[in-house]
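Written below as C-alpha coordinates is the structure these notes are about.
The values are calculated or read from the model by the stated rules, or taken from the named source; none is laboratory data. Just so you know, these numbers come straight off a predicted model, no measurement behind them. Positions of Cβ are backbone-derived with ideal geometry, glycine not excepted, and every protein chain shown enters the neighbour counts.
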Amino acid sequence: MRSQRQLRVGEEIRHALAAILMRGDVPWPKELKPTGVTVTEVKISPDLRNATVFIMPLGGEKLTETVKALNENVGFFRFAVGKAVSLRYVPALKFVADESFEEAEKIEGLLRDPIVARDLKKNGS
(Lines give C-alpha, C1' and ligand atoms only; values in the text may rest on other atoms or scores of the structure.)
Protein backbone atom coordinates (compact mmCIF):
# COMPACT_ATOMS: atom_id res chain seq x y z
CA MET A 1 0.00 0.00 0.00
CA ARG A 2 1.35 3.38 -0.98
CA SER A 3 1.50 6.24 1.50
CA GLN A 4 -0.26 9.59 1.12
CA ARG A 5 3.08 11.20 0.37
CA GLN A 6 3.87 8.72 -2.41
CA LEU A 7 0.45 9.29 -3.95
CA ARG A 8 0.73 13.07 -3.74
CA VAL A 9 4.27 13.22 -5.17
CA GLY A 10 3.35 10.74 -7.91
CA GLU A 11 0.36 12.88 -8.88
CA GLU A 12 2.47 16.06 -8.94
CA ILE A 13 5.01 14.36 -11.21
CA ARG A 14 2.20 13.06 -13.43
CA HIS A 15 0.81 16.58 -13.86
CA ALA A 16 4.29 17.98 -14.58
CA LEU A 17 5.02 15.30 -17.20
CA ALA A 18 1.62 15.80 -18.82
CA ALA A 19 2.31 19.54 -19.11
CA ILE A 20 5.77 18.88 -20.59
CA LEU A 21 4.34 16.49 -23.17
CA MET A 22 1.50 18.89 -23.99
CA ARG A 23 3.90 21.78 -24.65
CA GLY A 24 5.45 19.78 -27.46
CA ASP A 25 9.12 20.61 -26.84
CA VAL A 26 10.05 16.94 -26.35
CA PRO A 27 13.10 15.92 -28.43
CA TRP A 28 11.36 13.14 -30.40
CA PRO A 29 13.32 11.12 -32.96
CA LYS A 30 12.63 12.23 -36.54
CA GLU A 31 10.84 9.01 -37.47
CA LEU A 32 8.54 9.21 -34.43
CA LYS A 33 6.31 12.17 -33.65
CA PRO A 34 3.26 10.95 -31.70
CA THR A 35 0.20 13.17 -31.82
CA GLY A 36 -0.39 12.82 -28.10
CA VAL A 37 0.86 10.85 -25.14
CA THR A 38 -1.20 10.33 -22.00
CA VAL A 39 0.52 9.88 -18.65
CA THR A 40 -1.96 7.60 -16.90
CA GLU A 41 -0.16 7.04 -13.59
CA VAL A 42 3.12 7.57 -11.78
CA LYS A 43 4.08 5.04 -9.11
CA ILE A 44 6.84 6.24 -6.86
CA SER A 45 9.04 4.20 -4.53
CA PRO A 46 8.76 4.66 -0.74
CA ASP A 47 12.07 6.59 -0.63
CA LEU A 48 10.86 8.87 -3.49
CA ARG A 49 14.02 8.10 -5.49
CA ASN A 50 12.47 6.04 -8.33
CA ALA A 51 9.30 6.62 -10.33
CA THR A 52 7.61 4.36 -12.85
CA VAL A 53 5.64 6.40 -15.38
CA PHE A 54 2.79 4.60 -17.16
CA ILE A 55 2.04 6.08 -20.58
CA MET A 56 -0.26 5.45 -23.53
CA PRO A 57 0.07 7.15 -26.92
CA LEU A 58 -3.14 8.41 -28.51
CA GLY A 59 -4.88 5.45 -30.11
CA GLY A 60 -2.23 3.08 -28.75
CA GLU A 61 -0.20 3.53 -31.94
CA LYS A 62 3.59 3.00 -31.91
CA LEU A 63 3.52 2.09 -28.22
CA THR A 64 6.90 0.34 -28.00
CA GLU A 65 8.63 3.01 -30.08
CA THR A 66 7.16 5.77 -27.92
CA VAL A 67 8.23 4.08 -24.66
CA LYS A 68 11.72 3.55 -26.08
CA ALA A 69 12.00 7.19 -27.21
CA LEU A 70 10.84 8.49 -23.82
CA ASN A 71 13.32 6.28 -21.95
CA GLU A 72 16.13 7.46 -24.25
CA ASN A 73 15.31 11.09 -23.31
CA VAL A 74 14.83 10.46 -19.60
CA GLY A 75 17.42 13.13 -18.72
CA PHE A 76 15.34 15.80 -20.46
CA PHE A 77 12.28 14.77 -18.44
CA ARG A 78 14.14 14.61 -15.10
CA PHE A 79 15.48 18.12 -15.65
CA ALA A 80 12.03 19.44 -16.61
CA VAL A 81 10.35 17.71 -13.66
CA GLY A 82 13.03 19.12 -11.35
CA LYS A 83 12.13 22.62 -12.50
CA ALA A 84 8.37 22.03 -12.21
CA VAL A 85 8.13 20.10 -8.92
CA SER A 86 9.78 21.14 -5.68
CA LEU A 87 11.49 18.02 -4.33
CA ARG A 88 14.76 17.43 -2.53
CA TYR A 89 15.69 14.73 -5.06
CA VAL A 90 14.26 14.35 -8.53
CA PRO A 91 13.39 10.67 -8.86
CA ALA A 92 14.85 8.47 -11.58
CA LEU A 93 12.13 8.03 -14.17
CA LYS A 94 11.29 4.85 -16.04
CA PHE A 95 8.62 4.95 -18.73
CA VAL A 96 6.52 1.83 -19.31
CA ALA A 97 3.45 1.04 -21.40
CA ASP A 98 0.15 1.15 -19.54
CA GLU A 99 -1.56 -2.16 -20.16
CA SER A 100 -4.60 -1.50 -17.97
CA PHE A 101 -6.66 -0.47 -21.01
CA GLU A 102 -6.05 -3.85 -22.66
CA GLU A 103 -6.91 -5.64 -19.41
CA ALA A 104 -10.16 -3.67 -19.03
CA GLU A 105 -11.09 -4.44 -22.64
CA LYS A 106 -10.45 -8.15 -22.04
CA ILE A 107 -12.65 -8.16 -18.92
CA GLU A 108 -15.39 -6.25 -20.73
CA GLY A 109 -15.29 -8.81 -23.54
CA LEU A 110 -15.66 -11.63 -21.03
CA LEU A 111 -18.63 -9.92 -19.38
CA ARG A 112 -20.33 -9.55 -22.79
CA ASP A 113 -20.00 -13.28 -23.42
CA PRO A 114 -23.55 -14.75 -23.56
CA ILE A 115 -22.73 -17.56 -21.11
CA VAL A 116 -21.28 -15.15 -18.54
CA ALA A 117 -24.17 -12.70 -19.07
CA ARG A 118 -26.66 -15.52 -18.47
CA ASP A 119 -24.90 -16.49 -15.22
CA LEU A 120 -24.76 -12.88 -14.06
CA LYS A 121 -28.47 -12.43 -14.80
CA LYS A 122 -29.30 -15.68 -12.96
CA ASN A 123 -27.32 -14.62 -9.84
CA GLY A 124 -28.60 -11.03 -9.98
CA SER A 125 -32.32 -11.87 -9.82
**OP:** Among what's in segment 100-109 and is hydrophobic (A, V, I, L, M, F, W, C) and either surrounded by fewer than 11 Cβ atoms within 10 Å (Cβ to Cβ) or touching a Phe, Trp or Tyr at 6+ places or on another chain (Cβ under 8 Å) (or both), pick the residue that is modelled with the lowest pLDDT.
**Re:** A104
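Counting only residues that are of a type in the set (D, E, K, R), surrounded by 14 or more Cβ atoms within 10 Å (Cβ to Cβ) and out of contact with any Phe, Trp or Tyr (no Cβ under 7 Å at 6 or more places or on another chain), give me the strands (runs of 3 or more DSSP E) lying completely in segment 15-99 with at least 1 of them. Working first, answer last.
Details: elements: 37-44, 50-57, 92-97.
Passing ranges, in order: 37-44, 92-97.
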**OP:** Collect the residues in segment 1-30 that are of a type outside the set (K, R), over 14 Å from F95 (Cβ atoms) and free of Cβ contacts under 8 Å to residues at least 24 places away in the same chain, keeping them in residue-number order.
**Re:** M1, Q4, L7, H15, M22, G24, D25
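Are any residues in segment 42-53 over 15 Å from L70 (Cα atoms) and in contact (Cβ under 8 Å) with a residue 40 or more places away in the chain, and if so, which ones?
So in segment 42-53, the residues over 15 Å from L70 (Cα atoms) come out as 43-50.
If the condition is that a residue be over 15 Å from L70 (Cα atoms) and in contact (Cβ under 8 Å) with a residue 40 or more places away in the chain, then K43, I44, S45, P46, L48, R49, N50 are the ones that fit.
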